[in-house]
């Protein structure tokens, strides 16, 4: 039996932008899980990690919003498929949607809180961070983790199993 021909390899057929948007959503989801997990267990607070976390919070919202704006019936299929390719599966689509909405809301809230309250890390959370991302060094900028930050990070980390 011959292998199936890819739909997007036919001349004139446009790729579905929701596919790449869903892949980007999953990538941001993975970064949020990673950074919240690492910062939750770190004794000190690394401002650069916090800035990365804030960056990915904002990007998660960007890709989530892009997919929601499409409003197409296959968006759930695209999102679920992108997660399945990364070996992540929910019990049902309603649970996936509920969890992603909770992460979306929490990402927005913690991003706003970081920008408003973490003045020392603020320079890493603005558009300047995006523009200079490649120029950032791996040298951590560590300070004592305050209870306010620790609680927020722990709550965010609790969104992932």
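The values are calculated or read from the model by the stated rules, or taken from the named source; none is laboratory data. Predicted, not measured: the structure shown is a model, and the values here were computed from it. FYI the Cβ positions are ideal-geometry reconstructions off the backbone, even for glycines, and counts take in every protein chain you see.
Being surrounded by 15 or more Cβ atoms within 10 Å (Cβ to Cβ), under 19 Å from residue 159 (Cα atoms) and without any contact (Cβ under 8 Å) to a residue 24 or more places away in the chain narrows it down to one residue among 33, 54, 27; which is it?
Sole residue among the options that is surrounded by 15 or more Cβ atoms within 10 Å (Cβ to Cβ), under 19 Å from residue 159 (Cα atoms) and without any contact (Cβ under 8 Å) to a residue 24 or more places away in the chain: 27.
Look through segment 40-51, keep the residues that are farther than 17 Å from residue 112 by Cα and out of contact with any strand residue (DSSP E or B) (no Cβ under 7 Å at 6 or more places or on another chain), and return whichever of them is surrounded by the fewest Cβ atoms within 10 Å (Cβ to Cβ). I'd like the intermediate steps shown before the answer.
Just the residues of segment 40-51 that are farther than 17 Å from residue 112 by Cα, to begin with: 40-46.
Now restrict to residues that are out of contact with any strand residue (DSSP E or B) (no Cβ under 7 Å at 6 or more places or on another chain): 40-43.
Values: 40: 15, 41: 10, 42: 15, 43: 8.
Step by step, filter segment 40-51, then rank; the result is 43.
Please tell me if residue 59 is part of a helix (DSSP H, G or I) and modelled with pLDDT under 95. Considered against the rule, which asks whether it is part of a helix (DSSP H, G or I) and modelled with pLDDT under 95, residue 59 comes out as no. Screening segment 70-161 for helices (runs of 4 or more DSSP H) wholly inside it with 2 or more residues that are more than 17 Å from residue 53 (Cβ to Cβ) and at pLDDT 75 or above returns the ranges 75-85, 93-117. Among the residues of segment 36-51, just one is out of contact with any helix residue (DSSP H, G or I) (no Cβ under 8 Å at 6 or more places or on another chain) and free of Cβ contacts under 8 Å to residues at least 12 places away in the same chain, namely 41. Of the residues in segment 33-52, none is modelled with pLDDT under 95 and more than 27 Å from residue 147 (Cβ to Cβ).
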